[in-house]
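Structure provided below as structure tokens; questions to follow.
The values are calculated or read from the model by the stated rules, or taken from the named source; none is laboratory data. Since the structure is predicted, the reported quantities are computational estimates derived from the model, not experimental observations. Here the Cβ is made from the backbone with ideal geometry for all residues, glycine too, and neighbour counts use every protein chain on show. Accessible surface is based on the protein model in full, side chains and every heavy atom, while ligands, DNA and RNA are left aside. Shrake-Rupley method; radii C 1.70, N 1.55, O 1.52, S 1.80 Å.
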Amino acid sequence: MSLTPMEKLIERLDFSAPRWCIHLPPPCDFDPPVESVARACKLGGKSLAVATLPRPASFRFRLMRRPNIFDWFCAKTNATLFEAERIISDFPVNIHPDFRCNAMNPLRFLGLAAAITEHADVLIYESSGMDPIGTRKIHKYAREQYNRGCLIHLCWQPLTDSCPNVGDCTSVNAIAENAT
């Protein structure tokens, strides 16, 4: 059976490395690369956390009261309200307590912080939809806050010298070109 370029890339990843930046070709579908990494982690005996965009609780909950980031964080991470407020107040971007008042930068930070609290061996995050300043800040935050294992950034931008993770980058397109 022939492996896809993504599977070839994941097969080559060293999960004992401190970080990777994986540049993927469009379409921008987050699930297939995450599933490939999850399979590789399972085979390697590593735990995996994935930073996903936070979603408020059920529709019924949203009708009763405004969706609150602190309540979401406590429910997602089993943190106390005090811990959630402390973690969120340390973000390098402003975040509003009401979900509906936040753009992509604060939401990506919230999802990353929740994933970091899982204390997994491998952590995956992305920065799509963020502005350039927010992207730089989330990379710095991820490197400072997650020091347990292998940090993987998935992105859909071409591999260039301007990537903030240059030196830790690999490209699925390069794997596909080398395979032919």
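Return the aspartates and glutamates within reach of Lys8: Cα separation strictly under 18 angstrom, same-chain partners fewer than 8 residues apart disregarded; answer none if there are no such residues.
Asp29, Asp31, Glu35, Asp168, Glu177
Roughly to the nearest percent, how much of the accessible area of the stretch 81-122 is carbon and sulfur, given a 1.4 Å probe?
Numbers: 1090 of 1980 Å².
The value for the stretch 81-122 is 55 percent carbon and sulfur by accessible area.
In the full protein assembly as shown, how much of Phe70 is accessible to a 1.4 Å probe, in Å² to the nearest 10?
Roughly 40 Å² of Phe70 is accessible to a 1.4 Å probe.
Provide the net charge surrounding Glu35, with neighbours chosen by a C-beta distance below 12 Å and charges set as Lys +1, Arg +1, Asp -1, Glu -1.
-1
Can you list the residues, at least 5 places off or on another chain, whose amide H is less than 5 Å from the amide H of Cys21, using H built in the peptide plane?
Those lying under 5 Å, H to H, from Cys21 are His153, Cys169, Thr170.
Now a separate question. Could you list which residues have their amide H under 5 Å from that of Ser47, counting only those 5 or more apart in sequence or on another chain, with H placed in the peptide plane?
The answer is Asp121, Val122.
Same structure again: Which of the lysines could a cross-linker span from Lys137 if the Cα-Cα distance has to be under 25 Å and same-chain partners fewer than 8 positions apart are dropped?
Cross-link targets: Lys76.
Right, another one. Taking the Cα centre of the stretch 18-152 as the origin, how large is its charge dipole in debye, to the nearest 20, when only Lys and Arg (+1) and Asp and Glu (-1) carry charge on their Cβ atoms? Could the numbers behind the result be given before it?
Details: 18 positive and 13 negative charges, 25 e Å.
Around 120 debye, computed over the stretch 18-152.
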